[in-house]
Every structure is written in structure tokens, then in C-alpha cells.
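Scroll down for the structure; my scribbles are underneath it.
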Amino acid sequence: MKICNTCNVEKDETDFYISNTYINHHCKKCNSEKSKAWYEKNKDVKLVSSLKWHYKDKYGITIEQRQELFDKQNGKCAICSCEMHLDGNLNATQAVIDHCHSSGKIRGMLCNLCNQGLGHFKDNTEAIERAIQYLKEKQN
């Protein structure tokens, strides 16, 4: 049995995380609550930090450059012209970086749906043109 330093309740050792060298001083429940509280307090800092790494690593740009690209397009998708938003849940109108998969060069910003559409066509312009022709022919 061990007493948790946070809740001061005596608990079985299985209620504590155990490393190779010691038993944690806080029970699993208190540890989890402490972690959740820290995350809530620091989630904006954590988000900005992970965004900085993501855009620099994947596209070679800063989040400030991403903002400039977004502003240059007036927050609108380069294909469908819908109003986009930065950050938050990934949904249809989430602004994403569109880039050439062979060269890595950034082409612009698209809404998530348009970006996925291009991805499904694997950037094949002939296939996209055939899709356009198909839609024109099959219009009611």
C-alpha cells in the first residue's frame, strides 16, 4: 500500500505507475487529472509549437508565411472560392497547403475537400479534364 502525494489516499501499488527504479508519488487518477489540467492550460502553446514544426518540416515555411499565403488568397480556396479557416478541426473548409508531390513546390492553399479531390486524381490533369468532360456530357 502507498499514499498518493496529491489526494493523500492510501491505495494499492497497482494504482501507481511503476518504473524500473521507483513507484510514482502520485496515483494514476491524480496523474491523469494533473496531465489534463496542464494540457488545457498549455494547449495553445503546444498547438503553435507543433504547427511550427509541421509547416517547417513538411513544406519548408513558417506559420507566418502560411498566414501570408492565406491572406494573399483572402482566405478563399484557390479552386472553389469557399471561405476557409486556419487551424481547428480538419473539416471541409479547413485551409490546407497544396503542393506538387513530385517537386514539393507549394502551389497555394485549398479547402480540404478540393485538396482531397486533386489527391484522388493524383494531380493527373488529363484525368481531371476527362472528369470535366464527363460532367458536361452528363448534365441534365
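The values are calculated or read from the model by the stated rules, or taken from the named source; none is laboratory data. A quick note: this is a predicted structure, and the numbers were derived from the prediction, not measured. Because the Cβ atoms are built from the backbone with ideal geometry, glycine has one as well, and the counts that use them run over all protein chains shown. Calculation scope for accessible area: heavy atoms of the full protein, side chains included, ligands and nucleic acids excluded. Shrake-Rupley method; radii C 1.70, N 1.55, O 1.52, S 1.80 Å.
Remarks
- Here r is the Cβ-Cβ distance between Asn91 and His26 and R0 is 41 Å; the resulting FRET efficiency, rounded to 0.05, is 0.65.
- On full extension, the segment bounded by Glu137 and Cys82 gains 17.2 nm, given 0.36 nm per residue less the C-alpha separation.
- For segment 1-45 versus segment 88-140, the inter-centroid distance based on Cα atoms is 47 Å.
- With the simple model of a label 7 Å out from the Cα in the direction of the Cβ, Phe121 to Asn74 spans 2.4 nm.
- Over the chain: Kirkwood hydrodynamic radius from C-alpha pairwise inverse distances, Å: 19.2
- Tilt relative to the chain, helix 125-138 - C-alpha long axis, 0 to 90 degrees, to 10: 70
- Cα-Cα over 22 Å, subset of Lys28/Lys52; Lys2/Lys34; Lys2/Lys41; Lys34/Lys56; Lys41/Lys72; Lys72/Lys105: Lys28/Lys52; Lys2/Lys41; Lys34/Lys56; Lys41/Lys72
- For the chain, the relative contact order comes to 11 percent (Cα pairs under 8 Å, sequence separation of at least 6).
- Exposed chymotrypsin sites (Phe, Trp or Tyr not before Pro) absent: longest stretch of the chain, with sites in DSSP loops and at most 16 other Cβ within 10 Å deemed exposed: 23-120
- Distant-in-sequence amide H partners of Met109 (H built 1.01 Å from N, under 5 Å): Ala78, Asp98
- Binning the alpha carbon pair distances of segment 66-140 at 5 angstrom intervals from zero yields the distribution 3, 16, 22, 21, 18, 11, 6, 2, 0, expressed in whole percent.
- Taking the charge dipole of segment 15-115 about its Cα centre, with +1 at Lys and Arg Cβ atoms and -1 at Asp and Glu Cβ atoms, the residue from Cys77, Thr93, Asn31 reaching farthest to the positive side is Asn31.
- Relative contact order computed over segment 1-70 (Cα-Cα under 8 Å; 6+ residues apart), in percent: 17
- Choice from Cys100, Cys111, Cys30 showing the highest fluctuation, given a GNM over the chain with Cα pairs closer than 10 Å: Cys30
- For Ile61, the solvent-accessible surface with a 1.4 Å probe is about 20 Å², rounded to the nearest 10.
- For the options Asp71, Asp15, Asp57, a Gaussian network treatment of the chain with springs between C-alpha atoms closer than 10 Å singles out Asp15 as fluctuating the most.
- Accessible carbon and sulfur surface of the chain relative to its total accessible area, %, 1.4 Å: 52
- Only DSSP H runs of four or more residues enter the estimate; each adds -39500 (n - 2.57), and after division by the residues of the chain the mean residue ellipticity at 222 nm equals -15500 deg cm²/dmol.
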